[in-house]
Each structure stands twice: as structure tokens, then as C-alpha cells.
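S.K.: Input: one structure, supplied below.
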Amino acid sequence: MLGPRPGIAVTSYVTALTVGVTTAKYPECKRGVATNFAASLARHSAVSARVCVVDADPLALDVTTRLGTRGPVVEDFARPDPPAAPRLSRVESLSMSVLPCGGGPIARVHLAAEAALRELRDAFDLVVCDLPGGPSGPGLALGARLELLDWLVLAVTPEPMAVAATSHFLEHFQTARDRGDIGGVRLGLICTGDESSTQMSCSDVEIALDTPVLGRIPQLWGRAVPNRGFGAALAIPELDDAVYDLFAAFRQGRSTSRRLLTL
């Protein structure tokens, strides 16, 4: 159970629901988001749900460092004999599987992540993938293969510089959509940040970007580089509720758009 709410069912998809997490420029905007999003859903999903979190960001290695698991890495999926899902590392306390990153060149990680997502979609119910970020738009997130994702979550800290970078990212995303380069992936904008990230409200961000915000994921673990002393992922009702609301938005088919980007 998730507080007073029913458990989250993620088993109604023929293949896994695949969610990528990125940011427009500042890596701290998404730090810890993919891990805690996956962990909250793994803790509170139906018993049969199978959740996997993937580290496809060799620049940050956030999931890899935060969870500290050993076993196959994402680069192994670029080999002729990729590992099978049962061989992946598991965090039993969180009831989820983990595919860490070996920190290889970003082009190799992109190639491997594409192959991994194709395999993992058939082995799990939910796959959450931590992706590189950057002001160059969605191309850096997973090569040009964003069609492998159902949702791309774009994390933004509610402060002017991060919002400005996000505006540029949204322009790139719309251009890529118009060209047919990124398939049917849906874009979900979320606000993030710790208790000091109060320069703007979610409403301010919506107005500045002329774009709906699906919710706010509070970074209750802080913004610093992962410190395993705080635990792999937090079990805090406020965080779980925020993740539940975001997942509910996915199920309802809502997406971020510049008014015209409707799916």
C-alpha cells in the first residue's frame, strides 16, 4: 500500500513501461530521481510487478554509485552474448533489479542501452533508465533512439538558469518531433530540488515555459554526489506520494507540450 492509496499496478502492459529520466543542463536536477522513482514503485507495486532501473549515464554514474551493486553492466549488452534478465543484480530490500554502468564511452553506452532496453522490455513490467542530460536537446539522451521509451521525464530545478536551459531543450524536442526523429515518446516535465530550491514555484515554471508541469519530485536526499550512508533510496511518504502522482499521470496519458505537442 502507498499510504492511504491502493498499490500501484504496473503489470497491465504487454511489454514494460519504459521511462527515461534526463535534464536540460544541470546534472543535479535529476540526481537520484531515477533510483528513487523506481524504488518507490517497486516497494508499492503489485506483488507480481518486476521493476528494473538502468544506469545509461556514464558521465554521472548516479544509479551505479547510489546502489553500489555488482554484476552485469549496461555495456555488456553491446556484446554478442548479452546477459539474461535473471543474471542482473538485485536490491532485495527494494524488490528491484539494477543494471549499472561501467563508465564506458558514451557512444558505446548508447549502443548498449538501446540493445538493453529491447531485451528488458520483455523481461520486466517497468524499466526506469537514467539518461545523460545536456543543452543540446533530446539527441544526447539516448542517441536518436528515443522511440524505445514510452516516457521521457525532463527534470528541472525551479530557478531561472535551469528553466532557461529547459526552454532550449523543449525547442529541440519539438524540432525533433516535427522531423520524426524521436518516435512517439511522451515528454513529462517535473520540478525537482531540495528545500533550498524555492526561487520559483511549479506555477512559475509553467508560466515561464508555457508548458504543463506534471508534478514535483522532492529531492529529499539532497543534491550532492550519492552518499550510500543515507541508504540506497528513501522510504518517505511525501516522496512516495509524489512518485505515485507522476505515475498516475503516465497512466492517464498526460504529456508535457507547448500546447501543440499533443499525442
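The values are calculated or read from the model by the stated rules, or taken from the named source; none is laboratory data. Because the structure is a prediction, the values reported are computed rather than measured. Reconstructed Cβ throughout: ideal geometry from the backbone, glycine too, with neighbour counts over all protein chains shown.
S.K.: Of everything in region 1-16 that's over 17 Å from residue 95 (Cα atoms) and either small (Gly, Ala, Ser) or in contact with an Asp or Glu (Cβ under 7 Å, 6 or more places away or on another chain) (or both), which residue is modelled with the highest pLDDT?
M.R.: Per the criteria, the residue is 15.
S.K.: Within the group 93, 136, which residue is surrounded by fewer than 22 Cβ atoms within 10 Å (Cβ to Cβ), modelled with pLDDT under 90, outside any strand (DSSP E or B) and in contact with a helix residue (DSSP H, G or I) (Cβ under 8 Å, 6 or more places away or on another chain)?
M.R.: Only one candidate qualifies: 136.
S.K.: Something else about it: State whether one or more residues within region 70-89 are crowded, with 18+ Cβ neighbours inside 10 Å and in a strand (DSSP E or B).
M.R.: No, the conditions are met nowhere in region 70-89.
S.K.: If you don't mind, another one. Among (1) surrounded by 17 or more Cβ atoms within 10 Å (Cβ to Cβ); (2) of a type in the set (A, V, I, L, M); (3) at pLDDT 90 or above, where does residue 207 come up short?
M.R.: With (1) surrounded by 17 or more Cβ atoms within 10 Å (Cβ to Cβ); (2) of a type in the set (A, V, I, L, M); (3) at pLDDT 90 or above applied to residue 207, the lone miss is (1).
S.K.: Given the criteria within 19 Å of residue 194 (Cβ to Cβ), among the basic types (Lys, Arg) and at pLDDT below 85, does residue 228 qualify? Don't jump to the end; show me each part of the working.
M.R.: Details: within 19 Å of residue 194 (Cβ to Cβ): yes; among the basic types (Lys, Arg): yes; at pLDDT below 85: yes.
Here the answer is yes, as residue 228 does meet what is asked.
S.K.: Another question, then. So, residue 41, is that one part of a helix (DSSP H, G or I), surrounded by 24 or more Cβ atoms within 10 Å (Cβ to Cβ) and either at pLDDT 85 or above or basic (Lys, Arg) (or both) or not?
M.R.: yes
S.K.: Same structure, new question: The conditions are (1) farther than 15 Å from residue 33 by Cα; (2) under 18 Å from the mean Cα position of the chain (by Cα), and residue 69 fails exactly one of them. Which is it?
M.R.: Every listed condition holds for residue 69 apart from (2).
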